Structure formats: C-alpha cells, structure tokens
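Below is one structure, written out as structure tokens; the observations come after it.
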Amino acid sequence: MSLSTLLSQLFSGSETTTDTPETAAQSGDGVKSVTVVHECRDCGTNVSAGTTQCPTCESDAIVTHSID
C-alpha cells in the first residue's frame, strides 16, 4: 500500500477496517470473559472480523486468536 493511499484513507473520514479486540460480555455467572483478536500474521495489524486482506501490508494471512 502506498503512503498516499494510506494517508487518504486516514484523512477521508471513512471507517477503517482496523478494529479493537472483541470482548465477550461478562455475566455474573462466573463465566470467563474471552477476547477475540483478528490480526495480520505478517505485520500484526489488528483488523475487524470480516477482513480478508490486511489494510497495512495487503497480506491475506489473517488469523484469529481467542484470549481467555
């Protein structure tokens, strides 16, 4: 991805595909909270659940990790 493309995406005001980790809601039942992280295997950028290509390095190696 070129620098000009990245900058135009940052300043366009449009929604980006990078996302914060998802966290399951905690209940008072003693159920553990699970955080799900979707990230690029090549550069480590966090992405949203439906992302198939990294917006930073354009790799298609997207992985999902569940963290207890």
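The values are calculated or read from the model by the stated rules, or taken from the named source; none is laboratory data. All figures in this text were calculated on a predicted structure; none of them were measured in a lab. We place every Cβ from the backbone using ideal geometry, glycine too, and count neighbours over all the protein chains shown.
Under 8 Å between Cβ atoms, which residue pairs at least 6 apart in sequence (or on different chains) link something in the stretch 52-68 that is closer than 11 Å to residue 41 by Cα with a partner that is surrounded by fewer than 10 Cβ atoms within 10 Å (Cβ to Cβ)?
60/52; 62/52
For the stretch 46-66, what are the residues that are of a type in the set (S, T, N, Q) and assigned to a loop (DSSP other than H, G, I, E, B)? Write out each step before concluding.
Here is the first cut: in the stretch 46-66, the residues of a type in the set (S, T, N, Q) are 46, 48, 51-53, 56, 59, 64, 66.
Within the stretch 46-66, 48, 51, 52, 53, 56, 59 meet the criteria.
Exactly one condition in (1) at pLDDT 95 or above; (2) exposed (fewer than 10 other Cβ atoms within 10 Å of the Cβ) is not met by residue 57; state its number.
With (1) at pLDDT 95 or above; (2) exposed (fewer than 10 other Cβ atoms within 10 Å of the Cβ) applied to residue 57, the lone miss is (2).
Can you tell me which condition residue 36 does not meet? The list is (1) at pLDDT 65 or above; (2) surrounded by 11 or more Cβ atoms within 10 Å (Cβ to Cβ); (3) part of a loop (DSSP other than H, G, I, E, B), and all the others hold.
Evaluating residue 36 over (1) at pLDDT 65 or above; (2) surrounded by 11 or more Cβ atoms within 10 Å (Cβ to Cβ); (3) part of a loop (DSSP other than H, G, I, E, B) leaves (3) as the failure.
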